[in-house]
Amino acid sequence: MIPRPAFLSPLNISEKLTLICVATTAVALACVLTAFVVQDFRVVKRVKTEQIQTDLAALADQVATLVHANTLTPLRKLLSESSKEHGIVTAAVLATNGTILAGHPNTIDSLQNFYAQANLDHRRQFGHVVYQSVLNWQGQAQGTLLVGVNNTDVEMRLFFMLEYAIWAFLLAIALAFLVGGCVQKIVSAPLKSLQKLSQNIIDSGDYSLRAPVASQDELGQLSVAVNRMLAQIEQRDTMLEKQVSQRTAELRKMAEEFRFRALHDTLTGLPNRALLVEEYPRILAHAQRAGKVFAVLLLDLDNFKNINDTYGHDLGDELLKQVALRIRGGLRGEDLFCRLGGDEFVVLVQDVDGIDDVRRVGHNLLQALLADICLSERCLHISASIGASIYPAHGEDLTELKRNADIAMYRAKEAGKNQLMLFDRRMEQQAIFRMLVQNDLRDAIFQDDLELYFQPQIDPRQQKLCGCEVLVRWHHPKVGLLLPGDFIPHAESNGLVRNLDYFVLRKACIAAQSWRRELGLTVPIAVNFSGIHFRCNAIVATIQETLSQTGWPAELLTVELTEAVMIDAPETARNVVNAIRKLGVKIALDDFGVGYSSLHYLRTLVVDEVKLDRSFTMDVHHDEKERRLVKGIASLTRDFSVALVAEGIECAAQAEVMQAIGCHILQGYFYAPPKPEAEFIAWAKAFNERNYSVHFSFSYVIPA
Ligand code: C2E
Ligand code: CA
Ligand code: CA
């Protein structure tokens, strides 16, 4: 690599080119002029020397003659005259012995004097030059002629030439500067325009700009190459831009899709919880600005779990889609309708005019579900329970409003489902209690906080104890004693009732077996079972297993169930009931007469006992109409060969009437309220003694 002088670095190309031009010219010119001046000097000097030497030779001949003749005066004259011609300044004729014979000027009398006169100086190159010529006369040496010649003309010529050369040099430099300026323009102009172009492209990012092509030389070719490169970049840019815009559009679409998915329920396409949360502040702000009220309606399908369990999830999903369509159809466009998950939906009804307005919307929703929903396989009749809370009365934020609507919805379920319930501050306490129950019941089952109470059942004809109903109690460590009505509904809603009932059955069998073994007291037991058990036949195996493990005879066990078991899946329930009966266990239809299809169930379900609801007993002793009703039921059960049990006997009159009507078993406070185990045993013993009967019968004869 050629080393670059550092001083060149800060210069731009045109300066560099000018400098190079000037420098090259200077160097070249300096060399040429120097050569020229030197050559000229040498030629002039040589010509002069030759001329002087020729002249001097002639002079020397004349001087030799005069010296030989020893005529000094003519000699001096000759010297003086000669000096006028050839620029001779000093002259001296030396004899062979070195003495000065004659001199010019006359004052020269010695050799030193001659040199002094000649004004010679060794250091001077120019000025006077001394020539020497040997004087010969006819071959004899006559002495020496020394001549000091004025050489300044040669010197002057040299100086003139030098001056000339310097002027020429300066002129040439000036010209070189001008020419260099022009040349650099030829070279640097295209470079500058390339540089300007690249700067413009950098500033504007516009690759459609092109460099002007002013020549066909390398710079022109460079411009063409740059233009081609720009064209390629532009083409690639356009392609990239197209690709980028394509990708951007795809990404935007994807982002929209993701957003939609994130904010909507995949099954029904309805807004989901996330969208509700996102939209809520807007709805709230609108309500606050306009001083309006809005309502949160929480809708939960009734018995949806049963449908799912019975017909499968595919049908359940199909049903949810249809429900979503029905409900959407019953709403205004501005109402926000979301699916929270499962069979739970939320409707945010804006700008409501009061409670009546909320009730009207809720009523519309319930109406929308009234007609059967026909799916691919079957038509289903469904209903929903709705809980409603109102902003701002029931809360400010979504969480609170939703929680309160949920509490109200729960109440709607408890109150018999298929209805709307508006939140009420009193419900909060109930909800807290429900939470408490649900949280603690599991522990209660396993920690033995549940206690069994036993209520005697009497055979009125023989005045004998013929059985007892097992009723559960919960000693809650914080709340105190809880009756089944306080916690069974909650245990049913979270499925815990299964464990509870199995626990009661097992404990009851163990207790009754111990009375039989240890006290010789055989009392048939009747255990209550929730309707939940009758949706699948697992209960059959559990009963069988419990009986075999505890040793309690199947025929001494009655399973009490209510008509509710038939509502969800009548076919399965019927099969389960039959399977239980096959074990030898009796089935009692509890709370008979309160449901509107009691008689229908009596016809379709094979049972051993019917337990008349307490409400029939209440007025039977003083109300003829009631009496007739019970009589009708009694004759019906007789037709079906089913034993009739009267519950809620609180006085002797009721017992008497019921016995007269033909009830086989009586149960109620009149005999005894449900009692803890020890008390029940004591009572049973006392009852035995009082009725002087030690024989307990558990088989009864159905009167004709
Ligand atoms: P149920 O099967 O109708 O039980 C009879 C209820 O009537 C009992 O209430 C009993 O204390 C009450 N009773 C009995 N005699 C009289 C009377 O002369 N007058 C009045 N006013 N009431 C009387 P309890 O013990 O509170 O049970 C309520 C309900 O809880 C039961 O109604 C039963 O359906 C359910 N239950 C009780 N224990 C269990 C259980 O272990 N499992 C399930 N699944 N349900 C249970
Ligand atoms: Ca019962
Ligand atoms: Ca009952």
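The values are calculated or read from the model by the stated rules, or taken from the named source; none is laboratory data. Quick caveat: nothing in here was measured; it's all calculated off a predicted structure. Ideal geometry is used to build each Cβ from the backbone, glycine not excepted, and the neighbour counts take in all protein chains shown. Quick note on the areas: whole protein, heavy atoms, side chains included, nothing else; ligands and nucleic acids left out. Shrake-Rupley method; radii C 1.70, N 1.55, O 1.52, S 1.80 Å.
A few comments on the model shown:
- The phi torsions of the stretch 423-436, fed into the Karplus equation with coefficients 6.51, -1.76 and 1.60 and a -60° offset, translate into couplings of 4, 9, 3, 5, 5, 4, 4, 5, 5, 4, 5, 4, 4, 4 Hz, rounded to whole numbers, with Gly and Pro shown as x.
- Rounded tilt (10° steps) of 152-204 against the dominant C-alpha axis of the chain: 10 degrees
- Gap separating the Cα centres of the stretch 27-104 and the stretch 250-312, nearest whole Å: 130 Å
- For the pair the stretch 194-212 and the stretch 483-551, the centres of their Cα atoms are 92 angstrom apart.
- Remark: the stretch 482-497, residue by residue, has Karplus-estimated 3J(HN,Hα) of 10, 8, x, x, 6, 10, 4, x, 5, 5, 6, 6, 10, x, 5, 4 Hz, where x stands for each Gly or Pro and the curve is 6.51 cos²θ - 1.76 cosθ + 1.60 at θ = phi - 60°.
- For the chain, the cysteines with no partner cysteine C-beta closer than 4.7 Å are Cys21, Cys31, Cys182, Cys338, Cys466, Cys468, Cys509, Cys536, Cys651, Cys663.
- Peptide packing: for 268-275, 678-685, the average count of neighbouring Cβ atoms within 10 Å per residue gives the ranking 268-275, 678-685, highest mean first.
- Computed from Cα atoms alone, the Kirkwood hydrodynamic radius reported for the stretch 279-360 is 14.2 Å.
- Extension reserve of the Arg359-Asp203 stretch, reckoned as 0.36 nm per residue once the Cα distance is removed: 49.4 nm
- Reducing the stretch 319-388 and the stretch 621-694 to their Cα centroids gives an inter-centroid distance of 47 Å.
- Here the accessible area of the stretch 522-612 is 51 percent carbon and sulfur, with a 1.4 angstrom probe and all protein chains present.
- Environment charge of Leu267, counting only residues whose C-beta is closer than 13 Å and scoring Lys/Arg +1, Asp/Glu -1: -3
- Pair-distance distribution of the stretch 13-158: all C-alpha pairs, bin width 10 Å, starting at 0; shares per bin in whole percent are 11, 33, 24, 12, 8, 6, 4, 1, 0.
- Bins of 5 Å from zero: percent of alpha-carbon pairs in the stretch 134-243: 3, 9, 11, 9, 8, 7, 6, 5, 5, 5, 5, 4, 4, 3, 3, 3, 3, 3, 2, 2, 1, 1, 0, 0
- Between 0 and 90°, nearest 10: helix 313-329 axis offset from the chain longest Cα axis: 80 degrees
- Candidates Phe503, Phe687, Leu11 compared by Cα position along the dipole of the chain: farthest toward the positive end lies Leu11, with charges placed on Cβ.
- Highest-first packing order for the peptide set 154-166, 574-586 is 574-586, 154-166, based on the mean count of other beta carbon atoms within 10 Å.
- With distances taken between every two different alpha-carbon atoms, the stretch 243-314 has a Kirkwood hydrodynamic radius of 16.0 Å.
- Diffusion coefficient, µm² s⁻¹, Stokes-Einstein with Kirkwood Rh over alpha-carbon pairs of the stretch 436-700 at 4 °C and 1.567 mPa s: 69 µm²/s
- Helix 355-368 vs. the chain, principal-axis angle (Cα, 0 to 90°, nearest 10): 80 degrees
- Averaged over its residues, the stretch 436-700 has an accessible area of 44 Å² per residue, based on protein heavy atoms and a 1.4 Å probe.
- Protection proxy ranking, peptides 178-190, 213-225, average beta carbon neighbours within 10 Å, highest first: 178-190, 213-225
- Remark: C-alpha extents of the stretch 428-468 on the principal axes read 49, 26, 8 Å, sorted largest to smallest.
- The stretch 399-453, accessible surface, carbon-and-sulfur percent (1.4 angstrom probe): 47 percent
- Karplus-derived HN-Hα couplings along the stretch 392-397 (A = 6.51, B = -1.76, C = 1.60, θ = phi - 60°), whole Hz, x at Gly and Pro: x, 4, 10, x, 9, 9
- For the pair Lys417 and His476, label points projected 7 Å from Cα toward Cβ lie 2.5 nm apart.
- For the stretch 273-423, the Kirkwood estimate of hydrodynamic radius, built from reciprocal distances between every pair of different alpha carbons, is 15.6 Å.
- Fraction in percent of alpha-carbon pairs per bin - 10 Å, the chain: 2, 10, 12, 11, 8, 6, 4, 4, 4, 4, 4, 4, 4, 4, 4, 4, 4, 3, 3, 2, 0, 0
- If R0 is 30 Å, the Cβ-Cβ spacing of Thr604 and Asp424 corresponds to a FRET efficiency of close to 0.15.
- Dipole moment magnitude, nearest 20 debye, the chain about Cα centre, only Lys, Arg, Asp, Glu C-beta charged: 2000 debye
- Between His286 and Glu545, the modelled labels are 5.5 nm apart [label points 7 Å from Cα along Cα→Cβ].
- Assuming charge only on the beta carbon of Lys and Arg (+1) and of Asp and Glu (-1), the dipole of the stretch 13-158 about its Cα centre is about 180 debye to the nearest 20.
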